[in-house]
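These notes concern the structure reproduced below.
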Amino acid sequence: MSIVHHPADELLLSYAAGATDEATSLIVATHLALCPRCRSTVAKAEAAGGALLEAADSTPLSSGALKSVMSRLTEPERMASPALRAPSNVPEPLRSYVGDDLGAIRWTSIAGGISFKPLFKSGAARAQLIRSKPGAGVGLHTHAGEEFTLCLSGGYTDVTGQYARGDLQSTTPDVLHRPLADEGEDCIVLAVSDAPLVFQNLGIALIAKWFGF
Amino acid sequence: MTALLATVGAKRDRAAFEILFVYFAPRVKSYLLRLGANAALADDLAQEAMLTVWRKAEMFDPAKASASTWVFTIARNLRIDAIRRERRPEFDPNDPAFVPEEEPQPDDRMVRDGEDARLREALTKLSADQAQVVQLSFFADKPHSQIARELGLPLGTVKSRLRLAMARIKAVLGDET
């Protein structure tokens, strides 16, 4: 199945520039592993980075720098031994953060068929995995900031469309949605947000706050 | 420079590497200084970047990127690691879950003659507004929200300027997507 929802070009440019935080870079790069089209865009933005580097001023290196580097060329290389890769449907770089089996993750269950697994924070951005049972949904909410969601398995649907493996959704405070997991298998997504969700329902809001959701 | 880098990869040619060093190391040092490294760190990291160029040169594919693009990605990853002290998540083409292109596209990312020069020229012709946000992305480590705050612009304006700049870059490099 081909990917329908892609990261915006300006996000791919920032990723290529190295200006996105680690959590945002993780979700973009995991999408890239699944999406040849966006890899092509990133390669072009990196070519712009190369052109900017060529156009940069020259700052002379310390005297002896060239000689020092030339003398180190024969140093034995510290090559990382290639990691043994079990068959897995978790693509790198996400696999380095969560392991190669989404089934082995220890989820924290909250109400209504939703579980989550916090991963890490980088700056204001927080990365977590969210699992929804078929037909389960995260209540109607909006976002205080930007949120990116990458579908890893199963699928979900909201007012903006249907999302399956590899699809990346970007939401901003003006999007009010109630994502519902499609029927069939569990829906697992990687979510990165720079502010907590804003729930319309007070009960859900309290639960979410309690879990740091 | 691209042919020289390919030679370093194929033959471990020290003389070719020396030319690459003289050309790229001072530019990489400027890049690192602009991104917040002090002079000593920028010097060390520029040397480290060039050592990485030597060590990884075998993996360089001149059909996919020019030397400057490839050196840029090495310098970028080194500075994220050393200055920002974060990991740089990247995809791995050898990963079993990696989705390759459906059919090889021989012409897809071939670096065409003169492409580098045309790209440099196109970048100098960006509008001042677009050039500013591109510079802040590549040389100041600023995500969209921070650019918006510092320039006092709506987030949407920053994004649309970057999007337009990206459209220009794609236009020069051939937009098959």
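Bear in mind these aren't lab numbers, they're just calculated from the coordinates by the rules spelled out. Bear in mind that the values here come from a model prediction, so they are computed numbers and not experimental data. Note that each Cβ is placed from the backbone with ideal geometry, even for glycine, and that neighbours are counted across all protein chains shown.
Points to keep in mind about this one:
- Projecting the Cα atoms of A:70, A:29, B:134 onto the charge dipole of the protein assembly as shown (Cβ charges, centred on the Cα centre) puts A:70 farthest toward the positive pole.
- Averaged over A:124-135, number of beta-carbon atoms from partner chains that fall within 10 Å: 0
- Among B:98, A:116, sorting on how many other beta-carbon atoms sit within 10 Å of each Cβ, with the fewest leading, yields B:98, A:116.
- Percent RCO, i.e. relative contact order, over chain A, from Cα pairs under 8 Å lying at least 6 residues apart: 22
- Burial ordering of A:119, A:168, fewest other beta-carbon atoms within 10 Å first: A:119, A:168
- Sequence of B:54, B:70 once ranked by neighbouring C-beta atoms within 10 Å, starting from the fewest: B:54, B:70
- One way to sum up the overall shape of segment A:1-105 is the equivalent ellipsoid from its Cα gyration tensor, whose semi-axes run 33, 23, 11 Å, largest first.
- Shielding by partners - mean other protein chain Cβ count within 10 Å, residues of A:30-40: 5
- Over the C-alpha trace of the protein assembly as shown, radius of gyration and Dmax come out as 21.9, 70 angstrom.
- Subset of B:125/B:159; A:44/A:133; A:44/B:29; A:67/B:142 violating a 29 Å alpha-carbon distance limit: A:44/A:133; A:67/B:142
- Computed packing ranks the peptides B:8-16, A:21-29, A:122-130, A:39-47 as A:21-29, A:39-47, A:122-130, B:8-16, most packed first, by mean other Cβ atoms within 10 Å.
- Per residue of chain A, the DSSP helices (runs of n ≥ 4 H) give a summed -39500 (n - 2.57) that works out to -9000 deg cm²/dmol at 222 nm.
- Size descriptors for segment B:33-177: radius of gyration and Dmax over Cα atoms are 17.2, 47 Å.
- The Cβ shell under 12 Å around residue B:165 holds other residues with a net charge of +4, Lys and Arg each +1, Asp and Glu each -1.
- Rounded to the nearest 20, the Cβ-based charge dipole of chain B about its Cα centre (Lys and Arg +1, Asp and Glu -1) stands at 780 debye.
- Other protein chain Cβ atoms within 10 Å, averaged over every residue that makes up B:61-68: 3
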